[in-house]
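**Student:** First, the structure itself, so that you have it in front of you.
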Amino acid sequence: MTSPVRLDPGRPPVDEGAAGRTAVIRGLIVVATLIAGVILVLLRDTVLPERFSYDAKGIQAIGQGTLHVVDPAYESVAAVYKALGLIDDATLASLLGFFAAFAVLAVAGRRLLRPDAALSATVLFFVAVLLSAVYLGTYSKDVFVLPIVLLAVLPGRRWVAQVLTGLAIIGYALVFRTYWFIVLGAWVALQVLLARRPRLVWLLVALLAGSVLLAGAVGVALGGSADSIRTSSNEYRVGSDDAATLITAFVPGGTLLTGMLNAPLQLLALMVPLPLMLKGGVYYAVLALVFAVFWVRTAIAVRRTLVAGPDVVERSCAALLLAFVAVQALFEPDYGSALRHLTPLLPLAVLLWARPRQPRRVD
């Protein structure tokens, strides 16, 4: 007969046998998820619509010299794959990308085998692995976000990890996407804010206000509206497979002011995408539900960390995730792209979601 044991001071006793069975079950789920992800990677061109391979085929063609584009990001990604000797081996490149994503998820989900870890985190882990197979198990520029996320989720409280994460962000911004400099600034600012342990509602207000300021700064830098980046990106998408999920301006006009007004509205629409849901159809409803459930559950996780007093790792992860979505609100052209770009950052949410629920005090 097993006796109850305490995992942490202040927590209710947990039956040792039940804890062991839970760990085994969750371990089997992790293994099954890995196998399912590998199968999906190997069959992705067969089971997924062709639009899911447009970027990958473009990157490979650039690396092979059969396609020339003016986007430095794609040229940089293709150059890296070529330097690694992977540009002519799509299968190996796909498997390496997927295994890299799984490894980062495994580090982030190190608490999942604990019996007091939230079950929803295990579900998110499963979904994140499958999304990684879809979006990262191929030639992808988003694969190179993974080193940033890995540094953010590594355990430890040393300031060195913070510095290395910041340097990784700078490196990614210099080589691939310059807007990550904005993510860097927002990440630092949000860490300062989270250290003060604000109420969740004030955190949301700060995010919305910050998005207005970001849109204003970007608009001034562009000499117009922050919306112009999204608008120019969407011009060639009209009539394409992505047209139905395009993110469009709520307030038309293309001025500095309309860009600032649209930013908080777009941020809310990314988190709870009612415009997407109102388009009708099962696919759009499911996609909208995925975003809404993800951000609502993430808000709950962030609130728990604030109440409990977040450590440096959790504060860094929450700040990076929120900083990224705030910047997404300025530039993201469509909801499909939003999900693809969010995928490498899902380990941050896995770590936050896995925090055990704090027991209520009984006086």
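The values are calculated or read from the model by the stated rules, or taken from the named source; none is laboratory data. Since the model is a prediction, treat every value here as computed from it, not as a measurement. Note: ideal-geometry Cβ built from the backbone for every residue, glycine included; neighbour counts use all protein chains shown. Surface accessibility is based on the protein's heavy atoms, side chains included, excluding ligands, DNA and RNA. Shrake-Rupley method; radii C 1.70, N 1.55, O 1.52, S 1.80 Å.
**Student:** Residue 57 to residue 311: FRET efficiency via 1/(1 + (r/R0)^6), r the Cβ-Cβ distance, R0 41 Å, to the nearest 0.05?
**Tutor:** Efficiency, rounded to the nearest 0.05: 0.45.
**Student:** How much length is gained if the chain between residue 250 and residue 111 is pulled fully straight, taking 0.36 nm per residue apart and subtracting their Cα-Cα distance, in nm to one decimal?
**Tutor:** 46.0 nm
**Student:** Moving on to the next point. What base-10 log of the normalised intensity I(q)/I(0) is obtained for segment 148-254 from the Debye formula, alpha carbons as equal point scatterers, at q = 0.15, 0.17 Å⁻¹?
**Tutor:** The Debye formula, applied to the Cα set alone, gives -0.89, -1.05.
**Student:** Looking at segment 73-193, what % of the alpha carbon pairs are farther apart than 24 Å?
**Tutor:** 37 percent
**Student:** Check the straight Cα-Cα distances from residue 141 and name the lysines below 25 Å, setting aside those fewer than 8 residues away within the same chain.
**Tutor:** By straight Cα distance, residue 141 reaches 57, 82.
**Student:** Most mobile of 149, 327, 24 per a Gaussian network model of the chain (Cα springs, under 10 Å)?
**Tutor:** Fluctuation is largest for 24.
**Student:** For residue 64 and residue 228 in one chain, what is 0.36 nm times their gap in residues minus the Cα-Cα distance, to one decimal in nm?
**Tutor:** Result: 55.8 nm gained on full extension.
**Student:** To continue, here is another question. Starting from the Cα of residue 79, step 7 Å along the direction of its Cβ; do the same at residue 293; then give the gap between the two resulting points in nm.
**Tutor:** With each label placed 7 Å out from Cα toward Cβ, I get 4.2 nm.
**Student:** Right, here's the next one. Around residue 174, what is the net charge, scoring Lys/Arg as +1 and Asp/Glu as -1 over all other residues with Cβ under 15 Å from its Cβ?
**Tutor:** +1
**Student:** So for each of 35-43, 121-129 I average, over its residues, the number of other beta carbons within 10 Å; can you give me the resulting order with the highest mean first?
**Tutor:** 121-129, 35-43
**Student:** Fully extended, how many nm does the chain gain between residue 220 and residue 45 (0.36 nm per residue separation, minus their Cα-Cα distance)?
**Tutor:** Gain in length upon complete extension: 58.7 nm.
**Student:** About the Cα centre of the chain, how large is the charge dipole given +1 on each Lys and Arg Cβ and -1 on each Asp and Glu Cβ? Please answer in debye to the nearest 20.
**Tutor:** So the magnitude is around 1460 debye.
**Student:** Enter the per residue convex hull volume of segment 269-317, computed from alpha-carbon coordinates, in Å³ rounded to the nearest integer. Before the final figure, lay out the partial values.
**Tutor:** Details: hull volume 3.0 nm³, N = 49.
Spread over its residues, the Cα hull of segment 269-317 gives 61 Å³ apiece.
**Student:** Another question, if that's okay. Hey, if you put +1 on the Cβ of every Lys and Arg and -1 on every Asp and Glu Cβ in the chain, which of 62, 249, 23 ends up farthest toward the positive end of that dipole?
**Tutor:** 23
**Student:** Okay, moving on. So for 196, 21, what's the accessible-area order with a 1.4 Å probe, most first?
**Tutor:** In descending accessible area the options line up as 196, 21.
**Student:** Let me ask another. For the chain, what does the helix formula give at 222 nm: sum of -39500 (n - 2.57) over DSSP H segments with n ≥ 4, over the residue count, nearest 500 deg cm²/dmol? Kindly include the intermediate steps, with their values, before the conclusion.
**Tutor:** On the way: 16 runs with 245 residues, N = 363.
Computed mean residue ellipticity for the chain: -22000 deg cm²/dmol.
**Student:** Further question on the same structure: Using the Kirkwood radius built from alpha carbon pairs, what does the Stokes-Einstein equation give as D for the chain at 25 °C and 0.890 mPa s, in µm² per second?
**Tutor:** 114 µm²/s
**Student:** At 1.4 Å probe radius, can you tell me the per residue accessible area of segment 56-130 in Å²?
**Tutor:** 46 Å²
**Student:** Ranked from highest to lowest mean number of other Cβ atoms within 10 Å per residue, what is the order of the peptides 55-67, 207-219?
**Tutor:** Put in order of decreasing packing, that is 207-219, 55-67.
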